[in-house]
Structure formats: C-alpha cells, structure tokens
Amino acid sequence: MYKRLYAESVNTPERFWGRQARELLFWRRPFKKVLNWKLPHAKWFEKGQLNVSENCLDRHLTSGRANKAAMIFEGEAGDVRTLTYRQLHQEVCRMANALTALGLVRGDRAAIYMPMVPEAAIAMLGCARIGVIHTVIFGGFSSEAIKDRVNDCQARVIITADGGWRRGRIVELKENVDRALAGTPTVERVIVLKRTGHEVPMVEGRDRWWHDLVASQPSSHKAKAFGSENPLFILYTSGSTGKPKGVLHTSAGYLLQNHLAMKYVFDLKDDDILFCTADVGWVTGHSYIVYGPLSAGATILMYEGAPNHPEPDRFWALIDRHHATILYTAPTAIRAFMRWGDAYVKRHRLDSLRLLGSVGEPINPEAWMWYYTVVGKKRCPIIDTWWQTETGAIMVTPLPGVTPLKPGSCAMPFFGVVPKVLDEQGNDVPRGSGGRLFLAKPWPAMLRTLWGDDDRFRRQYWSELPGYYFAGDGARFDKDGYLWVVGRIDDVLNVSGHRIGTAEVESAIVSHPFVAEAAVVGRPDEIKGQALVCFVTLKNGIEATAELKEVIRAHVAKEIGSLARPDDVRFAAGLPKTRSGKIMRRILKEIAVGGVVKGDTTTLEDFAVVATLQAEE
Ligand code: WTA
C-alpha cells in the first residue's frame, strides 16, 4: 500500500495531492490547480477557498463529533478540564468575535505568549478563523526575544496570561510582556488570561482581561472563506545569523499534509487520545497539538507543566489517568526519563498506549530501545519523525505496521517527499556514506517565505544547490535505503530539542558591557543532545572571575530565555581565527569536548591562542 501510494505521490503529485485535498479538507470553493511551482515559490490549491478553523471545528459538529472531547487538559497542579468539539468551537468563536471587536482584520498579526493551557489553542484558532496571522512565542523566551519577534512582524495585539505554572512556581508571562512592550510601538492591545491569579499590573486602555473581553462575546461566529494560500502563521526559528527567521506557513497545504500525517503516520483511530508533549510555542505543538489532530477530529491531551513535577513520573501518570493511546515526545525527554530510572515508569500500567513517537533530534539507539522496551513494553511501534519548522509537517518517518523499524533511523519518506543525500558537488553520495540532506520536490506544508525577507529565504534554503531545498542537516542512507539524520551541519545547535543559533547566543553575550568577543559551539551532552559552550574574550582591564561566568550565563538567559543559558562559559585571551578573521569553530569544538586540537592549524592567526585555551582545561 505504502509503495503504491508513495509512487503515485512522487510520480503524479498533482493527482495524489488533489485527491487527498478533496477527500480530507472541507472547501468553500473548490481549487482549480493543485500546484503552481515557480522555484522557490509554491502555490498550492489555487483559487480554492476554505477556513482552517472551520476545518478544525465546525465540520466535526455535524459529523457526530460535537460531544467528543477535542481536548483533555491537565494543569500542573492537577486541575483537569475537558473541552468537547462543541465547547471548543464556542470558545474559538468568542475569541474570533473579540479580536474582531478590537478591530483586527485579515492579514493583521497577533502574538501569542501563553502557558500550555487550552486558551493557547483557542487563541490560535480564533486568529485563524478571521484570517489574522498568529505568531506564537514560546513561554520560555525573555522579554527581549518577545520584543524582537513582535517588532519583526509588527503585531497589533498580544494574547498572554498573568502567568503559567512550572515546577510549582509562577512563570511571569505578563511581566515579561510588559517589559517587552516598552519597545514595541505597533502593539495596541493586550489580552490577559487569568491563569495563576497572582496580582499583575493592568495598563488602562491597553490591557483587557480575557474573562471580560472574550468571555462576554457571542459563542457563534460565521467563518469567512479565505484563499488556500492565505497566511496562517509565522513561527520564528533560529538560523545561522543573530536574527531569528520568521517562517511563514499558509492555509490549505499546511493543513492537508498535517491531516494526512494524522491518518498515516499516527494511524489515527476515532478513540485515540494523543499526548503530544511539545509546547505550542514550537512547530510540533502547532502541527500535532492543534492543527493536525483537530482537523482530523482527534482527542488531544495537553499538559501544562514540567515532566518531573511533582515527581519524575508525571507523563506516565498522565497517560494512565487519561488513557492516552499515542505518546509523541522528544529524545531529550526520553533520555531524562532513562536517567531518572525505570521505577518511575513501572509504577504505571501504560496499557492504553499503542504508538510512540519521537521528534526534534536524532534519537540514539540506546534511548530508542529503552523507549521501546520500558515504555512501550515491546508492544508499541516507534515513529521517529524527521521534520522542521520550515517543512511544517512530518517528512520522513516509518509508518506504523508498515515499515520495519530500525532504532535510530527515521526510515522512509512520507508521501510526496523526495529526500536526497548529496555531496559538495551535488552528486548522490553512495549508500552508507554521509552527506548533506536536501529535498528534491515541493510539498504542501512547505514554508512559503521568511516574513519580510524573501532574499534570505532564497539564500538560506534554495541557493546551496539550485532546485533543491537545503535542510541544514547531515544524513546518510543505509544499504536498505533507510535515512539516518545525524544532526545540524550549520551553526545551529539542538539543545534539549530546541533550535538555538550560535550567532544568537554570541550576540547576546557581546551585548554585555564587559565582553569584547564571544564564540559559541556545541558539545555532545548525554541528556540535552548538545550543550552550549561559550568562549568569551573580555574587554581590557576586566577580570575573569567565576562570578562573571555566572553573570554572563544569567545575561544570556535574560536576553534570549533560560533555554539558551550557556552550560559552560570559558574565558580566553583571544579566539583562534583564520587570516581573514573568521573564528575557527572546528578548533573550538575540539577544545570544548576536551580533546586536543588535531588537523591543520596553519591558517591560525595566533598559535598561542590555541595553546592557552588548551592549557585552561
Ligand atoms: C532535528 C522540529 C533527527 C533536525 C520538528 C532538524 C531531527 C531540526 C528529527 C528541526 C529526527 C528533528 N531525527 N533529527 N527525527 N526531527 N530533527 O525546526 O536537525 O525545531 O533540522 O523542528 O531538528 O528542528 P525544529
């Protein structure tokens, strides 16, 4: 079945995708053309009209799912709420009406900075319903990061909460927004959900409580139809320069590929309960908490807090309590659970589970085996899904029950996807050898551009090898044609499944008044995948002290968010550079892992620098 459908999807993609789009989506006006591809710009399902929120909600009200749970939510303190499709629909209608009342119209941007609560999804779907482009900012980001993103997309509104719960403590979301708003001239209004109930200042005329503004709106709303290519959201992600990239996704193609992934990758059944542990601030949360599952009429389980609160068995308790059938999580979480010990898993039955998923980074075979044996009791297949913020939907993955599994390999391309592993000249590398990962064909959920920077879009993804999308990952095919993704080969690190650009951290460090220069590299880390090691040169006269290391770590957390807090800060008299002044990261990487510098160092400007760095060990 897979072989036949896959062949159709790559040989006659328009026939394949056209049929899927007609079958799986609800159209207000049928599309005329499946794909209009003018490299690097794709338009899918031209002339078609639909409403994404209607596809995720309204259509289920008449298909017998009105009283089915769309979302089961558990807060960190143990509070549980279930929203049926009907209830979720009503809340989203209220949100759409509220945003309209504030004067927002199609094409405007709204930023969402929320804890993991149902209202985060309600805000997203409320925006989608009226054609407002949302940008969700992960709740772990700092006010500086909020400011940059809001300014880049010129958001008119921010939807936030007083705070969220994390390990029993309050995350000060509103406070961070207030600080950011000192430098965001485009923001007119702030909608504030009361979540923690602690006191937060409200600015007269600007800030409105959710329970005043949204809750009082009518619970019905006639969704307008929008074109297939109407922008749905911008999601900022790290690249190899200091400025995050605003990845733009549009409506029909994005929704279709995610819906199709629900059907084939998650092999969705009507009684499934999907526990996706990602935050809605990341693309995994967009695609597999909100748009994919709801479009497919699934029940999702959403959890607000930390995996080890109050004890390191929280996920397992959640699964048993709510009878989750699918768990979709990240290797870094799996490795943390491994370290915390099997006993926490074994306290729970986990017999509702039937499928396990992994995403965000390569999963090492040891973690794979543990996940398979201890969590899945050797009953549940593991789908190791490779994809990116930019791809919008799962691209390479085994299909459960179809693809024989190999621990550590993400296996086979999803429908319509043609991955290539190529060398510097653009030739296929032989099976078993490593190369750079490219995609040879456009796909429905692909990013359409980078917000406000189409040049960067071309340069970043389409210039490495003309005609091919460059993923930024290193990979190899094995002798059976299975794909193994090794990790990033650009200046992007993957720390605990979070993409962090080294340039971003470097510019945060050098913004500290004591710092002259900084270089950031990754070092393999057992739990986090990669850890951040920062080499810092101080300004003349500044003394290198242990306290200053802490100050710099805290400074980065303040500038970006605690997810980017450096693991190591190391002071250096000078950084190793080539004659043209480029920092030699390869050498720093070798020093970071504690090894001796191998290879050719003749292009170094200052040999003494390497010697001193090594002596610092
Ligand atoms: C990495 C997350 C190996 C990869 C959906 C990619 C993976 C980056 C896998 C995208 C996987 C994601 N195996 N590596 N199954 N899934 N990656 O944008 O380096 O946060 O380029 O999207 O994560 O991260 P992003």
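The values are calculated or read from the model by the stated rules, or taken from the named source; none is laboratory data. Predicted model only: the values in this text are computed from it and were never measured. Virtual Cβ from ideal backbone geometry, glycine too; neighbours counted across all protein chains shown.
Going residue by residue through the range 120-130, is there one that turns out to be surrounded by fewer than 24 Cβ atoms within 10 Å (Cβ to Cβ) and more than 16 Å from Lys222 (Cβ to Cβ)? No, that holds for no residue. Against the conditions (1) under 23 Å from Leu255 (Cβ atoms); (2) crowded, with 22+ Cβ neighbours inside 10 Å; (3) among the hydroxyl-bearing types (Ser, Thr, Tyr), where does Ser409 fall short? Just the number, please. Only one criterion is unmet by Ser409, namely (1). Does His512 count as assigned by TED's automatic domain parsing to the domain that holds Leu548, surrounded by 16 or more Cβ atoms within 10 Å (Cβ to Cβ) and within 16 Å of the ligand (Cβ to nearest atom)? No. Does Ala7 satisfy being under 29 Å from the mean Cα position of the chain (by Cα), of a type in the set (Gly, Ala, Ser) and not in a strand (DSSP E or B)? Considered against the rule, which asks whether it is under 29 Å from the mean Cα position of the chain (by Cα), of a type in the set (Gly, Ala, Ser) and not in a strand (DSSP E or B), Ala7 comes out as no. When each of Val192, Val177 is tested for being part of a helix (DSSP H, G or I), in contact (Cβ under 8 Å) with a residue 12 or more places away in the chain and within 19 Å of Ala123 (Cα to Cα), the lone residue that passes is Val177. So which residues in the range 547-563 are within 27 Å of the chain's Cα centre (by Cα) and in contact (Cβ under 8 Å) with a residue 24 or more places away in the chain, if there are any at all? Scanning the range 547-563 gives Ile552, His555, Val556, Ala557, Lys558, Glu559, Ile560, Gly561, Ser562, Leu563. Among the strands (runs of 3 or more DSSP E) confined to the range 367-473, the ones with at least 1 residues that are away from the ligand (no atom under 13 Å from the Cβ) are located at 419-422, 434-439. Here Gly163 meets the list (1) more than 18 Å from the chain's Cα centre (by Cα); (2) within 29 Å of Asp453 (Cβ to Cβ) almost entirely, failing just condition (2). Going through (1) within 16 Å of the ligand (Cβ to nearest atom); (2) out of contact with any Cys (no Cβ under 9 Å at 6 or more places or on another chain); (3) modelled with pLDDT under 95 one by one, Ala330 falls short only on (3).
So which pairs qualify, if the first residue must be in the range 23-43 and free of Cβ contacts under 8 Å to residues at least 12 places away in the same chain, the second must be of a type in the set (Asp, Glu), the Cβ gap must be under 6 Å, and the two must be at least 6 apart or on different chains? The qualifying pairs are Asn36/Glu46. Residues in the range 85-107 that are surrounded by fewer than 19 Cβ atoms within 10 Å (Cβ to Cβ) and within 26 Å of the chain's Cα centre (by Cα): Arg106, Gly107. Taking the criterion of being surrounded by fewer than 18 Cβ atoms within 10 Å (Cβ to Cβ) and over 21 Å from Tyr264 (Cα atoms), the residues of the range 1-34 that qualify are Trp27, Arg28, Arg29, Pro30, Lys32, Lys33. Residue check: Glu424 meets all listed conditions (1) more than 15 Å from Gly472 (Cα to Cα); (2) surrounded by fewer than 19 Cβ atoms within 10 Å (Cβ to Cβ); (3) not basic (Lys, Arg) but one, namely (1).
Screening Gly541, Gly501 for residues that are within 16 Å of the ligand (Cβ to nearest atom) and not assigned by TED's automatic domain parsing to the domain that holds Gly435 leaves exactly one candidate, Gly501. The number of residues in the range 230-275 that are within 11 Å of the ligand (Cβ to nearest atom) and within 28 Å of Trp27 (Cα to Cα) comes to 2. Residue check: Ile527 meets all listed conditions (1) buried (at least 17 other Cβ atoms within 10 Å of the Cβ); (2) part of a loop (DSSP other than H, G, I, E, B); (3) under 20 Å from the mean Cα position of the chain (by Cα) but one, namely (1).
Within the range 539-551, is there a residue that is buried (at least 22 other Cβ atoms within 10 Å of the Cβ), closer than 26 Å to Arg149 by Cα and at pLDDT 90 or above? For the range 539-551, residues buried (at least 22 other Cβ atoms within 10 Å of the Cβ), closer than 26 Å to Arg149 by Cα and at pLDDT 90 or above: absent. If the Cβ limit is 8 Å and pairs must be 6+ apart or interchain, which residue in the range 98-124 that is under 17 Å from Leu235 (Cα atoms) and in contact (Cβ under 8 Å) with a residue 24 or more places away in the chain pairs with which residue that is polar (S, T, N, Q) and surrounded by fewer than 22 Cβ atoms within 10 Å (Cβ to Cβ)? Within 8 Å, the pairs are Arg109/Gln154. Pairing each residue of the range 448-470 that is within 19 Å of Ile489 (Cβ to Cβ) with any residue that is surrounded by fewer than 17 Cβ atoms within 10 Å (Cβ to Cβ) and not β-branched (Val, Ile, Thr), provided the two are 6+ apart or on different chains, yields C-beta distances under 6 Å for Leu465/Gly426; Tyr468/Ala440. Would you mind telling me which numbered condition in (1) over 30 Å from Asp454 (Cα atoms); (2) out of contact with any Ser or Thr (no Cβ under 7 Å at 6 or more places or on another chain) Asp152 fails? Failing condition for Asp152: (1).
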